[in-house]
Amino acid sequence: MRFLRRSTTDTAAEEPETTEAVDVAGKAYTPGKGKATPKRRDAEAKRRGPVAPPPTTMREAMKRNKELRKANPQTKEERRAATKARRDAMMRGDDSVLPARDRGPVKAYVRDLVDSRRNLLGLFMPLAIVVFLTLLVPLPQVQSYVTLLCTAMLLVMGIEGFVNGRKIVKLVRAKFPKETVSGRTIGMYAFVRASQIRPLRVPKPRLRPGDPIPN
């Protein structure tokens, strides 16, 4: 029954070959880790831990704000300077700080088109203030006249916004033929921009009414 198992002599004779194979393998071959290398963002997320859910109450938000300030100690002047720098960059139209809806050359071109014109839509907010003040006047006749006037102006503003939106969409498509331009999105963006008071527009207008559009 000796043929069913290996003898001690045979095992000892084979040991040097095994050792030599391991040595050779150690010099010429590095065994794999057995798993894929994790991506950098996954490793950083794992190191930071799970993302906390957004605060549900004002008190919780204030508490989390306080904890963040403790973790990242900054003086009041430094925070104020950082906020001012971000605000200035946003007013200049820096894409790195602008919201997604305002980024890109297409939106910048739309803003220039709107800012280079005078629009009745710019009276929308002052008109709303006039309507509110009229409601405080205890004279039904005055309220009736003002309401009728405001309704007529709102109608004219709506027509003007629709016509200008169509013109701006055509100009944008001619300027950026390779871009996918949504007529509804661009038209609404131009409408909202035109309805804002000029000093309150963000980013700040680069052109005045009547200025030519830069190429």
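When residues in region 160-182 are screened for being within 19 Å of Gln196 (Cα to Cα) and either surrounded by fewer than 11 Cβ atoms within 10 Å (Cβ to Cβ) or among the acidic types (Asp, Glu) (or both), 2 of them pass.
Reported count of residues in region 109-139, each being part of a helix (DSSP H, G or I) and of a type in the set (Ser, Thr, Tyr), is 2. Residues that are closer than 23 Å to Val97 by Cα, exposed (fewer than 12 other Cβ atoms within 10 Å of the Cβ) and not hydrophobic (A, V, I, L, M, F, W, C) occur in region 183-204; there is at least one. Filtering Val142, Val110, Val114, Val106 for residues that are touching a helix residue (DSSP H, G or I) at 6+ places or on another chain (Cβ under 8 Å), of a type in the set (Val, Ile, Thr) and loosely packed, with under 13 Cβ neighbours inside 10 Å leaves a single hit, Val142. Here Ser96 meets each of (1) at pLDDT 75 or above; (2) open to solvent by less than 70 Å² (accessible area, probe 1.4 Å); (3) in contact with a helix residue (DSSP H, G or I) (Cβ under 8 Å, 6 or more places away or on another chain) with one exception, condition (2).
Quick one: is Pro214 touching a Leu at 6+ places or on another chain (Cβ under 9 Å) and either under 29 Å from Met90 (Cβ atoms) or surrounded by fewer than 17 Cβ atoms within 10 Å (Cβ to Cβ) (or both)? Here the answer is yes, as Pro214 does meet what is asked. Filtering region 98-108 to residues that are outside any helix (DSSP H, G or I) and of a type outside the set (A, V, I, L, M, F, W, C) leaves Pro99, Arg103, Gly104.
The values are calculated or read from the model by the stated rules, or taken from the named source; none is laboratory data. Remember, predicted model here, so these are calculated numbers, not experimental data. Note that we place each Cβ from the backbone using ideal geometry, even for glycine, and neighbour counts take in every protein chain shown. SASA here: full protein model, heavy atoms, side chains in, ligands and nucleic acids out. Shrake-Rupley method; radii C 1.70, N 1.55, O 1.52, S 1.80 Å.
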